[in-house]
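The values are calculated or read from the model by the stated rules, or taken from the named source; none is laboratory data. Since this is a predicted model, take the numbers as computed values, not measurements. When we count neighbours, we look across all protein chains shown, and the Cβ atoms used for this are built from the backbone with ideal geometry, even at glycine.
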Amino acid sequence: MSQDTELEAAMDPDLPLPATSLDDPHLREAVRNPEGAERAIAWLFVLGVIGVALFGAAYVQNWKPFTLGLTLGLGLFFLGFGVTAWGKYLMPQGPFSEARHALHSAQAEREAIAAALVERTGVVVKRRRVLLGLLGSGMGIFGIVALFPLLRSLGPLPGLTLTKTNWRRGSLLVDSNGRAIHVEALEPGGIVTVFPAGFENNDQTVAVDQTVLIRAGTTAIVTEKGRSTWAPAGYIAYSKLCTHAGCPVGLYEKQLRLLVCPCHQSMFNIDDGAVPEFGPAPRPLPQLPLYIDRAGFLRAQSGYDQPVGPGYYERTTT
Ligand code: FES
């Protein structure tokens, strides 16, 4: 057939193209031994899965940063190498070209090529499901491991610590060394951070239990209506957690009788129920009601009557 006749035939959409067969060089795989390539690719996926899984373990166990990079790098390398090799060696390689006539293919033509592809794929990739399963495992485990940083960065659940402290009725006030606070312990103007006895070294709760105890005088102080018994012998106790952003309110300005937060300089008047007089803190510091037991030691009348620290979305008290 002359070149012109071939071209005419190609331009005629009604003339069927010859059916594609397995021997079509366009559909030939790029390797002599497809089964061997399939095995090699399966191993690459296995190594990829192991690498990503090791990355997850390294992250959870806090192994060295070097191991994080190495395991993640190797995992992604093997998975990517496997996908690339699959496309390169096991898929039909072409080149696919044909003289263009009408842009749609005849129905018979489409069916022929589809059948050839299905047949060829079935012949070359015998363990398609295995490969897909391994690739899916690699992608799946990567997706799960990618969630680890997000979840761990949220930190431990706060539990009841948002609303409850360990202060209870009768809790003995102790300093950070566990020494009980006697009524003679502080001079007027003195200040100390106290905790409920037994919880002074509890890493989980010291943040919410910490309470600043000030000896503001020598006689009972009434900071608000209804608190006539809360500050005996001049001792006033307020939560040390700033109601703005939770910094420890540990500075006491004796002359002005103000507690000062070092973070954004909120100032709380100790004689007025720790109402903020300056700064961004939106609420007073909760006051801990005190009493002096028969042995002369300071104890709590009860826990705080409201959550300590900054506001949060479920907080109902203002
Ligand atoms: S945390 Fe205390 S003023 Fe901001």
Restricting segment 253-267 to residues that are in a loop (DSSP other than H, G, I, E, B) and within 16 Å of ARG215 (Cα to Cα), the residue that is nearest to the ligand (Cβ to nearest atom): LEU256
When you scan segment 151-170, how many residues do you find that are surrounded by 17 or more Cβ atoms within 10 Å (Cβ to Cβ) and either farther than 23 Å from GLN306 by Cβ or in contact with an Asp or Glu (Cβ under 9 Å, 6 or more places away or on another chain) (or both)? 4
Quick test for you: out of LEU150, LEU134, LEU173, pick the one residue that is over 30 Å from PHE297 (Cβ atoms), at pLDDT 85 or above and of a type in the set (A, V, I, L, M). LEU134
Among the residues of segment 277-318 satisfying the criterion of being modelled with pLDDT under 95 and not in a loop (DSSP other than H, G, I, E, B), which is nearest to the ligand (Cβ to nearest atom)? PHE278
Segment 212-252, residues that are within 23 Å of PRO307 (Cβ to Cβ), within 16 Å of the ligand (Cβ to nearest atom) and of a type in the set (Ser, Thr, Tyr): TYR238, SER239, THR243
What residue, of THR211, THR193, is at pLDDT 95 or above and surrounded by fewer than 18 Cβ atoms within 10 Å (Cβ to Cβ)? THR193
